[in-house]
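Worksheet: the structure to be examined is printed underneath.
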Amino acid sequence: MKRILSKKYLLTLTSSLAVGTGIILACAGDWDDGSRLNFTPDVFADRSYSPFFYAPESFYGFGYDNKHDTRFNESNVTDWATYLGSSTPRTELEYLLQKATEGSIDSAAGYAAGKLKILPGSMQSFQLLNKGEKKTIAFLTYLSLAKKTEVFAVNNLEYEWDYDSKKKNPYYNAKPLNSKLQQEYTQAKDPFLKQRYWFQLERSYFFNDSAQKAISFFESNEKVFPKNELYYRTMAYAAGAYYKLKNYTKANYYYSKVYDGSNALKTVAHYSFHPQEEADWKATLALCANNEEKITLWQMLGVFYEDEYRSIQEIYALNPRSEKLNLLLTRAVNQIEETLNLNSHKYDGSDTSKNKVIALINRIAQANNTNRPAMWHMATGYLYMHNEKYQQAAACYAQAEKRLSKEQGEKEQLRVFKLINTISSAPKADAKLEKAILPDLEWLLDDHIKKEVRTQGATDWIKGSLAKMYNNQNESIKAICFENDCVYYTNDKNIEALKSFLNKPNKTPYELLVSKQYALKMEDLLEYQAIQVTYTNNLNEAISKMEEAVSKAGTGTVNIELQGNPFNGRLQDCHDCDHEAPQKIKYNKLSLLKKMKDMQDKIKAGTDVYTNAMLLANAFYNITWYGNARAFYDCNVYQCYSSDAPHVVSPPGNMQPAIKYYTLALSVAKTDEQKAKCHFMLAKCERNEYYDGKVVNNKDSMYSPDNRPDFLAWEGFKTLKTKYSNTQFYKEAIKECGYFRTYTRK
Amino acid sequence: MKKYWGPLLFFVLLLAACQQPVHKRPVSFYFWKTQFALNRFEQNVLREHAVDTLYVRYFDIDYKPEATQPTPVSPIRLDSSITHYKVVPVIFIKNRTFDRLQAADIPTLAANVLHLIDQINKSQHLTTREIQFDCDWTETTRDHFFQFIREYQSISKQKISSTIRLHQVKYKERMGIPPVDHGVLMYYNIGAINGDNTNSIYERSVANRYNSYIRSYPLSLDVALPVFSWGLQMRNGQVIDLLNKINFTQFENDSNFTILTSNRYQVKHACFKAGYYFQPGDEIKNEHVPADDLLEITTQINKNTNHRIGKLIFYDLDSTNLIQYETDIIKKVLTNAD
């Protein structure tokens, strides 16, 4: 996941013919929201900062901010409901504010004021409009003007392919509207209404009048209004006006106030805050009335420009107890985590830029003078753990324990870190360790217990560590339960041992926990064993195992219906043709095995040996990778992954059972046509064996166009050509099979 | 009176000889900003070289991870000065769009694109007769991209061109040939953007790996030439940002930066500069294509195509790019290309 453009830049990025694609994100589609990182921002930092919790791309939790037209829908309804009285139905307000057209609001306003007799159809049942109260009239008067502003203030982003609806009318004459807004603003006595008209007029000035006018109107009136969300919405337009005038100092100062004052506008401030030169930035700092305002600016710099180190230093110097440090610390730790190998979790201590961050966190932790001292100790301990300094980590956690806040999440975070430390520092996974970690492990791995702390990364880490230790101690069953690995299934003894463990009655509490971690089920193992013995032509055992699997399984791979007729044998393998062809009898794994066994029995009894041998050979052929019934071997064990090799359990390509029965058919064949067919089928088997050895099981040759196998003449081809060229089958084969045709013409 | 005709005729002939040579090859520019407006400098460049056609980026198309369909990104705003030129709309399609797009949804996308171009044209009463698609398609997306082109062709009945990157020329068997009327060979962005000692925009040794394949490419080709520059901002050996449209001399006169080499600067103190933020230790590398390299590119292209190349299109029309060259650079390149 290589990223070369900063997050802030990505948000505003349009393409460049020069840049092209592919360099912004080296692999798209693999969305990483950062939640696998262990140091949990949700536990330490205020939720209002959640868009800025560390995520490798864009905003945490929701990606991109596309709420430009809908951000205040909820709060508008709530504000008006408060103004109009708690009995006002929300649904009516939602309709009027968000859906009703300008014309219908005008009609409703006329009706409420007694000037019109009929309400628009869509509003006839509205309780609000039938009251005729003063406040309702004031609301509708306001709303009728507010709707008029949508022509320039709304983006209509939902119609993205519609150019005209996005386009703000450059010829819009705002004078009549502004004059009406000004009039209502001046006359309004109610502070709620007055502030809303103030906002509307400020926004209209921003879009339709000079930037200076918007600034003056904001600044000459702002002192009388409460510092609520609407105040900061208004201020954001004044900030934008400063930005238009290229007064970045003032624009950024205002954006910092907007960022700090309104949670809903934090992402907007992030998008807009943009110092151009160092002088702008210094001048903005100089405008700050107090240290808290400076701290906000430093937090914005740290988060938006990813210089957490500098921000932490500056904020700590201004006020060590500032809660704004918390977000920065979580980001700093998450960024270090992100660069570490997910499997090893190791940091070798060689990166100077990481080291200086780690040293700073350590220094602040030691001073114990922040508002969440336990958090700093946990961060230090956590980073020590990555450096394999488990004793120091334990000491940090002990310090953290003494200073824990009452926050549940903080306690949980410490519990997770201590558990990781205990496991990571243990020389081996013996009974003593198992006993020590059992309660915490049960808590961590039980999904039914709700937790505030992140557990995904820690769970993977702990399971991986335990699996590694058990593997080293030759306790492969425990290892496989904690971390599934294909290699394990290559030996049937392992599977039997695992089955015994899973079936064991009276497991110890630790064994019970271990068995619950196993990724697969008993029926998966039985199904896999049944499939394996099928290829050894042991159909009795295959049937017995498959029956057992079916009896345990609900709906699973064991009950899959095979798509084509597995007894078909073609000149050319064509799975799609077989799958599309009409089929009287549909087979699943078990019914196929039983039918094959039936044929085997008939062959033994000497009944119609040629036909039964041919059909049985076709079935053995079709259940391999080359045949039309690949679904036969598809099961959960095959889908597992190994860290050593992705496909240790390679798709079955064993041709021996098919060869056995084609050869048998050949031996009893009476006509040349029958014999010709047997030779051709045997040639196919020979070809498949060649590919299996040369291509499938030879990883060097895969995907290499330079290493394609040469044209080869199979034994079956030779025999066909020399002995059976007079048969109808031969002619058919020449017509259907280009490979064979080429051979015959050589 | 008659006796004066001789010298006069000579003088007229002399004047004619002094006039600009008529170049065989037409020249054009890409316009790659979201608001169409040209400053005096840019207008002069177009007039001086008799440029009558502009390749104008209309919008991008992206299929963002959180989106449920591909959407246009930053459609251009035109002003009336665009009507002085013939316009070829260029649509940049992010490759990941075709990774996610289902084949069944290709006709809808084509119709949406046609409709949006039509609306943009209507905003200035423009008529366009050709369209260019710019997509760094890959083996996995080529079928959908090509299908999209066919679909667009069937509903628009317009001439369609496509940008072609050098690797798509070299590996044409795998990458396929887009079903377009002609291509524009993007003769730049050939190296990895990693801040090493090679130039990611143009490096002769890298280009040489591709040159011999141009001749056999089965589409007639125009050529896009790079006259842009950018800065690479690097931290801990990784490129973290591209600094576009930036004047590098400003780093030389700022005590927050030290000069490492002729095209590299290092940040001494954290600071904002030109709208970008720099941390101590960051490195900035200036990459651009010097005049000599532009001439070399045209020499190579002629050599490798038997002069069978169409127009030259410079990327991109912006005075901040062009002032970095001598004023006669376009003429020199054209003369060299003839």
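Laboratory data are not the source of any read-out in this text; all were calculated from the coordinates shown. What you see is a predicted model; the values in this text were computed from it and never measured. Please note: Cβ atoms are built from the backbone with ideal geometry, for glycine as well, and neighbour counts cover all protein chains shown.
Assorted remarks:
- Placing +1 on the Cβ of every Lys and Arg and -1 on the Cβ of every Asp and Glu, with no other charges, gives segment B:229-287 a dipole of roughly 20 debye about its Cα centre.
- C-alpha long axis of helix A:73-84 to longest principal axis of chain A, angle in °: 40 degrees
- Using the Karplus relation 6.51 cos²θ - 1.76 cosθ + 1.60 with θ = phi - 60°, the per-residue 3J(HN,Hα) values for segment B:36-45 come to 7, 7, 10, 7, 4, 4, 5, 4, 4, 4 Hz, with x marking Gly and Pro.
- Given charges at beta-carbon only (K, R positive; D, E negative), |dipole| of segment A:429-512 in Debye: 100 debye
- Residue among A:Ala436, A:Gln413, A:Phe126 farthest towards the positive dipole end of the protein assembly as shown, charges placed on Cβ: A:Phe126
- If the chain linking B:Ala291 and B:Asp328 were pulled fully straight, counting 0.36 nm for each residue of separation and taking away their Cα-Cα distance, it would gain 12.3 nm.
- Over chain B, relative contact order from alpha-carbon pairs under 8 Å, at least 6 apart, %: 16 percent
- Counted by neighbouring Cβ atoms within 10 Å, the residues A:Thr459, A:Thr88 run from fewest to most as A:Thr459, A:Thr88.
- Of the residues B:Ile164, B:Ile120, A:Leu712, the one whose Cα sits farthest toward the positive end of the charge dipole of the protein assembly as shown, with +1 on the Cβ of Lys and Arg and -1 on the Cβ of Asp and Glu, is B:Ile120.
- Unit charges at the beta carbon, dipole of chain B: most positive-side option, B:Ala274, B:Ser255, B:Ser154: B:Ser154
- Placing a pseudo-label 7 Å from each Cα along the Cα-to-Cβ vector at A:Asp65 and A:Met522 gives an inter-label distance of 5.6 nm.
- Residues within the reach of a label modelled at A:Gln572 (point 7 angstrom out along Cα to beta-carbon, backbone nitrogen below 13 Å), restricted to segment A:715-746, are A:733-742.
- Between 0 and 90 degrees, the angle of helix A:373-386 with respect to the longest Cα principal axis of chain A falls at about 30 degrees.
- Packing rank of A:573-586, A:196-209, A:213-226, A:307-320, where each peptide gets the mean count of other beta carbons within 10 Å, highest leading: A:196-209, A:307-320, A:213-226, A:573-586
- Look at the alpha carbon pairs under 8 Å that are at least 6 residues apart: their mean separation over the length of chain A gives a relative contact order of 8 percent.
- Tilt relative to chain A, helix A:609-622 - C-alpha long axis, 0 to 90 degrees, to 10: 30 degrees
- Across B:Ser319, B:Ser262, B:Ser80, mean-square fluctuation computed from a Gaussian network of chain B (C-alpha pairs under 10 Å connected) peaks at B:Ser262.
- Spin-label model distance (nm) - A:Lys735 vs B:Arg150, 7 Å beyond Cα toward Cβ: 3.0 nm
- For B:Ser229, residues with placed amide H under 5 Å, excluding near neighbours: B:Lys245
- If only the Cβ of Lys and Arg carry +1 and only the Cβ of Asp and Glu carry -1, the dipole of chain A around its Cα centre is close to 620 debye.
- Each Cα pair under 8 Å and six or more residues apart adds its separation to the average, and for segment B:229-287 the resulting relative contact order is 36 percent.
- Diffusion coefficient of segment B:229-287 by Stokes-Einstein, Kirkwood radius over Cα pairs, 20 °C, 1.002 mPa s: 193 µm²/s.
- Long-range amide H partners of B:Val56 with built H, under 5 Å: B:Phe31, B:Val88, B:Val90
- One decimal place: the segment A:Glu150-A:Lys389 gains 80.0 nm when fully extended, by the rule 0.36 nm per residue minus the C-alpha distance.
- Using the Cα coordinates of chain B, the gyration tensor eigenvalues translate into equivalent-ellipsoid semi-axes of 33, 30, 22 Å, sorted from longest to shortest.
- Solution diffusion estimate, µm²/s, Stokes-Einstein, the protein assembly as shown, Kirkwood Rh from C-alpha pairs, 10 °C, viscosity 1.306 mPa s: 44 µm²/s
- Among B:Ser74, B:Ser216, B:Ser205, residue whose mean-square fluctuation peaks in a GNM of chain B (springs only between Cα atoms under 10 Å): B:Ser205
- All other residues whose Cβ lies under 11 angstrom from that of A:Phe62 are scored, Lys and Arg at +1 and Asp and Glu at -1, for a net of -2.
- Note on chain B: GNM, Cα springs under 10 Å; of B:Lys159, B:Lys311, B:Lys122, the largest mean-square fluctuation is that of B:Lys122.
- For segment A:41-46, 3J(HN,Hα) computed residue by residue from phi via the Karplus equation (6.51, -1.76, 1.60; θ = phi - 60°) reads x, 4, 7, 9, 10, 4 Hz, glycine and proline entered as x.
- Unsatisfied cross-links (Cα-Cα over 25 Å) in the set A:Lys602/A:Lys735; A:Lys324/A:Lys354; A:Lys356/A:Lys389; A:Lys266/B:Lys285: A:Lys602/A:Lys735; A:Lys266/B:Lys285
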